[in-house]
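So the structure is just underneath, and the comments pick up after that.
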Amino acid sequence: MLKQQLNQKLLQKLSPQQIQLMKLIQLPTLAFEQKIKEELESNPALEEGKEESENDSEDLEFDNQENEREEERIEAEDINVDEYLSDDEIPDYRLQANNYSPDDEESKVPITGGKSFHEFLLEQLGTYPLDEQGRQIAEYLVGNIDDDGYIRRELSAIVDDLAFTQNIFVEEEQLERYLKLIQALEPAGVGARNLRECLMIQLRQEESSYHQRLALEILEDFFDEFTKKHYEKLIQRLELDEEDLRLAILEITRLNPKPGNSTSNSNREVQVVVPDFTLRIVEGELELTLNSRNAPELNVSREYREMLETYRQGQKENKAQKEAALFVKQKLDGAKWFIEAIKQRQQTLMLTMGAIMQYQKDYFQTGDELKLRPMILKDIADEIGMDISTVSRVASNKYVSTPYGTFLIKEFFSESMKNDAGEDVSTREIKKILEVSVSEEDKRKPLTDDKLAQLLKDKGYPIARRTVAKYREQLDIPVARLRKQL
């Protein structure tokens with residue numbers, strides 16, 4: 001049986017402009033600069049610099065009724081704007097972006113030049129007297145080295161690849177000899193198949209002292225005991241005193257576990273953080289400023305405004321003029337909206353970060369992480385009267401420069417728990433106490449998770465052992481056994 005019902009539902013739809021604004025708010029400084037550059041290139045009605053006069057803004061208020069009549073008279077599908085205005089007519093100066101103050105310190109993303117890591121290895125390989133097939137095999141092995149400097153594939157798989165892709169047939173034992181040749185290249189340890197082999201290669205290439213030979217023996221015969229820090233077993237089996245073992249282990253720990261990262265000839269891109277905000281303490285008061293790269297001076301082209309005004313005042317109208325006028329109006333509207341969106345973005349960023357600054361005032365004035373208050377997105381959203389999603393966009397990928405360092409804004413948000421006094425404390429505060437406790441422990445007898453939980457409880461933070469373990473892992477602190485030192 002079919003049944004008809006009439007339901008009333010209230011839906012809120014975001015306009016394309018609102019969606020674009022949300023995207024602008026989410027962009028960090030460097031991406032925002034790129035967005036402005038793209039907009040300047042795509043919209044010739046948008047220009048850099050200040051307005052020439054205060055009255056210019058009045059020219060932007062067009063007669064809506066007249067514009068509607070114009071649009072009604074022009075069929076959109078008949079418009080071919082490329083015939084009237086093209087990007088070729090845009091002067092070069094409009095396509096150049098320099099969206100920051102000359103007073104700013106310029107921060108760029110440096111990219112290391114020179115040879116890549118693999119080119120560096122192949123250059124060394126060229127000094128060896130190899131026949132054509134031998135060189136192909138060696139170069140193929142180099143191609144299988146990852147960015148850390150390891151060959152993590154089984155040699156049997158590489159043997160198969162050489163046969164199927166290079167038509168080179170070689171035994172695994174023969175391939176092993178070529179691998180030894182690769183492992184003799186710089187940086188020391190390159191071409192290893194695992195960490196143990198990597199460390200052993202480095203030790204064998206050095207002049208052997210007693211403790212280096214001892215370190216090599218530990219890696220060869222007692223690697224499992226070494227990684228698990230079973231030092232008592234090592235002392236017994238090697239018949240050593242504690243001091244000799246300590247010096248041998250020191251020889252191992254100074255080695256490079258990732259030789260691929262040790263050369264400056266790697267073509268890795270080094271990202272530099274550009275703070276979106278700067279927070280200073282001026283005469284005891286907090287002062288917040290927005291990076292001027294986030295506040296460019298843009299204006300609507302006077303030339304384009306005059307073009308539209310000329311059309312409006314003209315007595316003779318033809319199709320070409322109408323089409324050109326509609327194109328100009330669309331570009332002017334787009335430029336006006338983009339400038340307004342940037343202003344709204346600036347206001348939203350400053351409003352949100354200003355609320356965070358006031359909420360965490362005690363921390364920003366002292367730098368003491370123990371004074372960080374529990375703070376969630378809703379706290380700030382309620383404070384500024386905005387949606388939680390907007391606060392999240394501001395906090396997720398933007399940085400603030402403070403007297404104590406540069407931080408990702410979202411790091412100041414944390415959940416809360418109650419201490420013995422019934423007060424809400426930040427989980428970040430607890431993590432800081434945990435971090436300090438581990439740094440101050442006796443490394444010969446590091447604190448277990450149970451003992452850390454008891455220590456926090458004694459300080460007034462009743463936390464379960466499993467919660468301590470979770471916080472410890474989040475702080476990248478290994479378990480007590482792996483923190484043990486001689």
* Space enclosed by the convex hull of the alpha-carbon atoms of region 333-410, per residue, Å³ -> 96 Å³
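Computing the accessible area with a 1.4 Å probe over protein heavy atoms, can you report the carbon and sulfur percentage for region 153-221?
46 percent
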* Asked: Between ASP333 and LYS361, what is the FRET efficiency for a Förster distance of 45 Å, r being their Cβ-Cβ separation, to the nearest 0.05?
  -> 0.60
* Asked: For region 216-249, list residues with backbone N below 16 Å from a point placed 7 Å from the Cα of SER209 toward its Cβ?
  -> 216-217, 243-249
* Structure fact -> So for region 135-260, using the alpha carbon gyration tensor with a ≥ b ≥ c as root eigenvalues (a/c under 1.5 gives rounded; past that, a/b versus b/c decides prolate or oblate), I'd call it prolate
* Asked: Taking only protein heavy atoms and a 1.4 Å probe, what accessible area per residue, in Å², does region 328-486 have with all protein chains in place?
  -> 51 Å²
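Any of LYS37/LYS378; LYS378/LYS432; LYS23/LYS410; LYS258/LYS484 with alpha carbons more than 28 Å apart? Name them for me.
From the list (LYS37/LYS378; LYS378/LYS432; LYS23/LYS410; LYS258/LYS484), the Cα-Cα distance tops 28 Å for LYS37/LYS378.
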* With r as the distance between the Cβ atoms of ASP379 and ALA464 and R0 = 25 Å, compute the FRET efficiency 1/(1 + (r/R0)^6) and round to 0.05. => 0.45
* Structure fact -> Here the residues of region 136-175 lying in the modelled label zone of ASN256, meaning backbone nitrogen under 17 Å from a point 7 Å along Cα-to-Cβ, are 145-151
* Structure fact -> Here the tail fraction of P(r) beyond 22 Å, over all Cα-Cα pairs of region 375-483, rounds in percent to 45 percent
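The values are calculated or read from the model by the stated rules, or taken from the named source; none is laboratory data. Since the structure is predicted, the reported quantities are computational estimates derived from the model, not experimental observations. Here Cβ is always computed from backbone atoms with ideal geometry, including for glycine, and neighbour counts include all displayed protein chains. When the accessible area is computed, the model is the full protein with side chains, heavy atoms only, and any ligands, DNA or RNA have been set aside. Shrake-Rupley method; radii C 1.70, N 1.55, O 1.52, S 1.80 Å.
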